[in-house]
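Novice: One structure is given below, represented as structure tokens, and several questions about it will come after.
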2 protein chains.
Amino acid sequence: MSFFLTSNKYFGTGNSISNKSRSAGESSHPAPEFLGDSEMETLQGEQAAFEIGVVIHKRVVDEIGNGYGYNCDEVLVDEFRKVGLIVDRVAGLHDEFLKLAAPVETLGQAAAELKLKKRTHIGVDLQFEWDEADAFIRQADGSLFSWCERFRCYNHMIYGIVNNGESAVALKFNDRTFNWEPGESLMWKLETEAIVKELFPIHDETKRKLLLKRWALNLWDLTNQPIDEIHAYYGTKIATYFAFLGMYTKWLFFPAVFGLILQLVDFGSLQLLALPFFFICITSWAVLFFQFWKRKNSTLLARWQISYSAGSESGYKYMDTEWSSFHSSVGSVRTCGGNKGKEHEKFQREEWFGRMMRFRNDAIIILSIICLQLPFELAYAHLYESIGSDVVKFGLTAGYLFAIQYFTQIGGKVSVKLIKDEKNKNSEYRANSLVYKVFGLYFMQSYIGILYHAVLHRNFMTLRQVIIQRLIISEVLENLMENSLPYVKYSYRKYRAIRHKRKREKGYAAGKHYFNSRVEKEYFKPIYAASIGDELEDGLFDDFLELALQFGMIMMFACAFPPAFAFAALNNITEIRADALKILVMFRRPVPRVDATIGAWLNIFQFLIVVSICTNCALLVCLYDREGKWNISPGLAAILIMEHVLLLIKFGFSRIVPEEPDWVKANRMKNATQAQNMCSKQLLRNISGGRGMLVKAH
Amino acid sequence: MSFFLTSNKYFGTGNSISNKSRSAGESSHPAPEFLGDSEMETLQGEQAAFEIGVVIHKRVVDEIGNGYGYNCDEVLVDEFRKVGLIVDRVAGLHDEFLKLAAPVETLGQAAAELKLKKRTHIGVDLQFEWDEADAFIRQADGSLFSWCERFRCYNHMIYGIVNNGESAVALKFNDRTFNWEPGESLMWKLETEAIVKELFPIHDETKRKLLLKRWALNLWDLTNQPIDEIHAYYGTKIATYFAFLGMYTKWLFFPAVFGLILQLVDFGSLQLLALPFFFICITSWAVLFFQFWKRKNSTLLARWQISYSAGSESGYKYMDTEWSSFHSSVGSVRTCGGNKGKEHEKFQREEWFGRMMRFRNDAIIILSIICLQLPFELAYAHLYESIGSDVVKFGLTAGYLFAIQYFTQIGGKVSVKLIKDEKNKNSEYRANSLVYKVFGLYFMQSYIGILYHAVLHRNFMTLRQVIIQRLIISEVLENLMENSLPYVKYSYRKYRAIRHKRKREKGYAAGKHYFNSRVEKEYFKPIYAASIGDELEDGLFDDFLELALQFGMIMMFACAFPPAFAFAALNNITEIRADALKILVMFRRPVPRVDATIGAWLNIFQFLIVVSICTNCALLVCLYDREGKWNISPGLAAILIMEHVLLLIKFGFSRIVPEEPDWVKANRMKNATQAQNMCSKQLLRNISGGRGMLVKAH
């Protein structure tokens, strides 16, 4: 009885809207075959561009009306429209696509529901309220919400559609029927029923084309990039990567020129001093570069109105998205209220337990790298040393490079599993933890063989050969893989889809008009994902890894082969455009990430600088000690090794013990958020109402 | 005409109050000679203890009524009472003392006028309002304001007394007459006229005696101290010093025992390995100690309700006291408003200019240390090496130790002058800058001679002798100086005062009752000031310096003389009580300082750890290389030196370039304060009114 009532109620409202919307949809889509899709988008793009694509299985048209209940795709579209989204249905080869756009009012509503914190004109981040929208700072391109924020709002709206009725709604799809229970999210239901296949952000064609012209194909700008536009289109994390890549490449010009001069000019009697001088310049250069990068990063964040104070990074993260999760773990503490001593003890216990877990995991990774990977690498290096023919050598290297791909993939999977045990505070922490662990693998892989040639065999010719090979092979291979593999994948998926379609509709006309919907093309493109698994990191992992390995290669063996900097500079200039092209053309639009720094990579780069100081010293000893005059006795060597171990302890221990106890941090965070929540509304009214007064007052 | 009117008005109100107050003063002080001063204080101490003493010249009683105008001491007392202070007049030998106490209402009024930020129950710091006093957290001892806050309030009230009338008030003192102009501060006026001699915080006798019993004379507690009570009585900075000293001494037990074992036990064949093992343990110990100290410091700050987030130290300082000064320098920027680009450029220019100035000053200091001090020190070390007789050696050392006192005093004066050129953001920055510079002098002075013995002459016997001498001499000398010098000064001043008095009042009865006022005794005590000048630092400078030099001595030569740690531990146990005694008995109560960490000293300690790694390595090489087998060739030595220079660059350069541009920081600070000011009142009402609701809501 009650079921009928609710479904009737649903029918009563839902149907009228669905009629209206369908007619609207049809009128805006008079004939997809005649009017190109892109023209349609630009027409509607004036108000709000389509930014999210939902892939659903195509309904077999013949079976409409059969079965009991509503067609779930129509219900989905209706519900989307009820929420305030603009929906565009596009039929693909054998899937159907819903393109979603949201007017700013709809986004504002969702942002207010999400209690999104946004920067206001007085510079404080406050909870968004639609009525006070004027109080909030707009993006550089004039829109109220950044792409990160929009994406969060879309997600909230799409997954927030629940059955508000009192009883289940019967939905049918082709000849299947199932119930949409009260309180259940429609999207989750349809995803578990495998009707909605995927949800992905889609490109905004006008902006993409503009970026393509101004950024990816603007080859003569060398290292200049339209960072603000990249930020507006791709979000903070990707823009930060490209800003870093650009600045790094620009700074590389100095050591590149210096290295080339050192290689080409003969300094006569000063030749012996030239290398150490180069070494000192390079180290200073690297240290200064990273300091200036940190400055630039904080400048960028200030420009993008992201509050992220240097030093208290955790603060930012708690405040924004991840506070709730941290809060829940603190929840139990707050209920017990009074006795503060116990509270602190519990925090201390949890803190040290988490630290022990992380330490255990790190130990596992480090031990397995030393016990499993090191012998393998040394064996390869030894083989390479003993083989005479150049061709065989090249083949061995190529084979080895392919072999280690599997090695690292296994390592990455193991790391991901280990990290799941860790109680890391949020997803960015987890991602950083993964980066450290996986980089350990790559570090061993990339450098140990070269060090073997350099230090044990003092074979500088092989060393230089290996460096050149690695730089060239890695450049060529990486760029090929990066840009061709996605295209191959895309082509394969396209080909398979067309073949499927042909099979089903044998005898129909040629498939020329199959491919006029861009959504489907994008759907066939691969995701911008990391090679080690897409759970914690996206494609930026590979891009940063490439940069870090290159940086390590040129820094650690700077004294053995100074012109490597020139190779790297050239490589990076092409890399900027290649990465831009890749992200604009080859991949789907990536999901935006909140993180606003280069994160763990900064520490890795700085670690590489310290390592490079040691390796270069060893190289110089080897270089100038050809005659064996300066034989180092075992005692002296032991003391030197000890000194370096101690320096490591000095700088490593500081990381093991955090400066601030967790409970102090938690208290601080709790206080800060509480205050902001309390005075949020009051402040808003003051700001939007009395802005004139404020200005006068000062 | 108008002058008369105003003075009449003043007379009309002022006289009645002055009559009332005088009678009150007399009734509360029936006969200073009969009723002991201390009993009086305990009687009134129930409400508010006397905490500030004002020293004024004694009025010659005979001349009352002569001259034109009001007696300025009476006007001062009247004005104090009008503000709400409790005033107690005490006649001294040839000065008169006003003891001031403030009821909590008066303090609250002043705090509200000062817009003092205080921690509230929801954990945020808000501007104090007397009506909402319940919203603010009380101190551990139940009082509303901490000693730091009370001192600021006193200062505000005392210097805030201005002539509110329209014309000048004529004041007379003895036979001098002068005008108190409208809008002029009475205290400033009286200070420039040399009538008010001094203003200083006075001891609260009950609390002082309690502390004396529980802290300074509680010898069996070893390293335990009542830190919270010290904090309540002396403020944050001094409590932090004693907390650090206590924790350091506690941690010293481990290396002390280890060092003694190493000295006393013969390890046989393992003897060769024992020293390097000791060295590694000591370094790890030191690094861990400072990490745990940072944790402890942040725990203490959380307990004392001081908001000071690790990493963003500057943030705290701007927010609290020094924002206004920073603000004023930004003021010009804000007026030009719109064009942000120029604003940033100006900030950048100022930032780099300030940095250049500091760099120049540092260069001057470093160069003068190397060019002037180094030869002197080496000459002394060489003399010491070449002299045979032990007695002459001891004499030379003692003479040298006295000679360098002048050297450092000159260095300190030069540093202070240089720092005045620097545009440091606040007084604590300036103090830190001074600490770094002066420590450079002391570092050279303390260690270069010892290094000379160790490395150049490989004379380990002399080295050990020098270390023992320095540790014992410095301990004995320092403690003697610390505790006897103030007493000598005090006795001299007392003696002179009594003699003066006797001279003036020849023939009067014996001076037994002269000395019953404790205020005067305190006035004769010396100020707790730094030996290098009292402008930027107080006595804590010397205490920290002593600790740092001791730490450097035991760490840098750990391998040459392991039992030094035991000496240091013993020394520090006595040091804790000696310093407590000194600060409680020997000196005036120090002016409280806001700073909440050990500041520059932390960096100095960590620098000493790094230096100690290098010196110990050098010592080990010398120790194990008696036979000269491991001769280091010049080439290898050069490369090793280069490596260390590079490591220095790596960690030094990071300090030269700040991570966050000044304008970003300024923006952040501006925003934070603006927001807090705006929502302050609203929040307060919520907190004090709706605290019950808040608790329920969670």
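The values are calculated or read from the model by the stated rules, or taken from the named source; none is laboratory data. Keep in mind it's a predicted model, so treat the numbers as computed, not measured. Positions of Cβ are generated from backbone atoms using ideal geometry, with glycine treated the same way; all protein chains shown enter the neighbour counts.
Novice: For the condition modelled with pLDDT of 50 or more and assigned to a helix (DSSP H, G or I), what is the one hit in A:ARG89, A:ARG81?
Specialist: A:ARG81 is the lone residue from the list that is modelled with pLDDT of 50 or more and assigned to a helix (DSSP H, G or I).
Novice: Against the condition outside any loop (DSSP other than H, G, I, E, B) and at pLDDT 75 or above, how does B:VAL455 come out, does it pass?
Specialist: no
Novice: Please specify each residue of region A:268-310 satisfying the condition of being of a type outside the set (A, V, I, L, M, F, W, C), more than 7 Å from chain B (Cβ to nearest Cβ) and not in a helix (DSSP H, G or I).
Specialist: A:GLN305, A:SER307, A:TYR308, listed by residue number.
Novice: Select the strands (runs of 3 or more DSSP E) contained entirely in region A:114-193, then report the ones holding at least 1 residues which are within 14 Å of chain B (Cβ to nearest Cβ).
Specialist: A:117-119, A:125-127
Novice: Quick one: A:ILE598 ticks every box in (1) within 24 Å of the chain's Cα centre (by Cα); (2) more than 14 Å from every other protein chain (Cβ to nearest Cβ); (3) not small (Gly, Ala, Ser) bar one, so which box is it?
Specialist: Condition not satisfied by A:ILE598: (2).
Novice: May I ask you to list the residues in region A:246-292 that are within 30 Å of A:THR597 (Cβ to Cβ) and either in contact with a His (Cβ under 8 Å, 6 or more places away or on another chain) or not hydrophobic (A, V, I, L, M, F, W, C) (or both)?
Specialist: Result: A:GLY246, A:TYR248, A:THR249, A:LYS250, A:PRO255, A:GLY259, A:THR283, A:SER284, A:GLN291.
Novice: Can you pull out every residue in region A:172-196 that is surrounded by 15 or more Cβ atoms within 10 Å (Cβ to Cβ) and aromatic (Phe, Trp, Tyr)?
Specialist: Correct list: A:PHE173, A:PHE178, A:TRP180.
Novice: Restricting attention to region A:546-576, report how many residues are of a type in the set (A, V, I, L, M) and either in contact with a Ser or Thr (Cβ under 8 Å, 6 or more places away or on another chain) or more than 26 Å from A:VAL438 (Cα to Cα) (or both).
Specialist: The total comes to 11.
Novice: While we're looking at this one, here's another question. Hey, can you tell me all the residues within region A:436-452 that are of a type outside the set (Gly, Ala, Ser) and either without any contact (Cβ under 8 Å) to a residue 60 or more places away in the chain or in contact with an Asp or Glu (Cβ under 7 Å, 6 or more places away or on another chain) (or both)?
Specialist: Matches in region A:436-452: A:MET444, A:GLN445, A:ILE448.
Novice: While we're on this one: Kindly provide the set of residues from region B:194-216 that are in contact (Cβ under 8 Å) with a residue 24 or more places away in the chain and over 23 Å from the mean Cα position of the chain (by Cα), ordered by number.
Specialist: Residues satisfying the conditions are B:ALA194, B:ILE195, B:VAL196, B:THR206.
Novice: Could you check, for region A:411-428, whether at least one of its residues is touching a helix residue (DSSP H, G or I) at 6+ places or on another chain (Cβ under 6 Å), of a type in the set (Ser, Thr, Tyr), within 25 Å of A:SER368 (Cβ to Cβ) and touching a residue at least 12 places away in the same chain (Cβ under 8 Å)?
Specialist: Checked region A:411-428: at least one residue is touching a helix residue (DSSP H, G or I) at 6+ places or on another chain (Cβ under 6 Å), of a type in the set (Ser, Thr, Tyr), within 25 Å of A:SER368 (Cβ to Cβ) and touching a residue at least 12 places away in the same chain (Cβ under 8 Å).
Novice: Right, another one. Please verify whether A:GLY165 is touching a residue at least 60 places away in the same chain (Cβ under 8 Å) and more than 23 Å from the chain's Cα centre (by Cα), treating the condition exactly as stated.
Specialist: Here the answer is yes, as A:GLY165 does meet what is asked.
Novice: Please state which of the following conditions B:VAL196 fails to meet, knowing it meets all the rest: (1) modelled with pLDDT of 85 or more; (2) out of contact with any strand residue (DSSP E or B) (no Cβ under 6 Å at 6 or more places or on another chain).
Specialist: (2)
Novice: Another one. Hey, among the residues in region A:130-153 that are at pLDDT below 80 and crowded, with 19+ Cβ neighbours inside 10 Å, which one's farthest from A:ALA239 (Cα to Cα)?
Specialist: The extreme case among them is A:GLU132.
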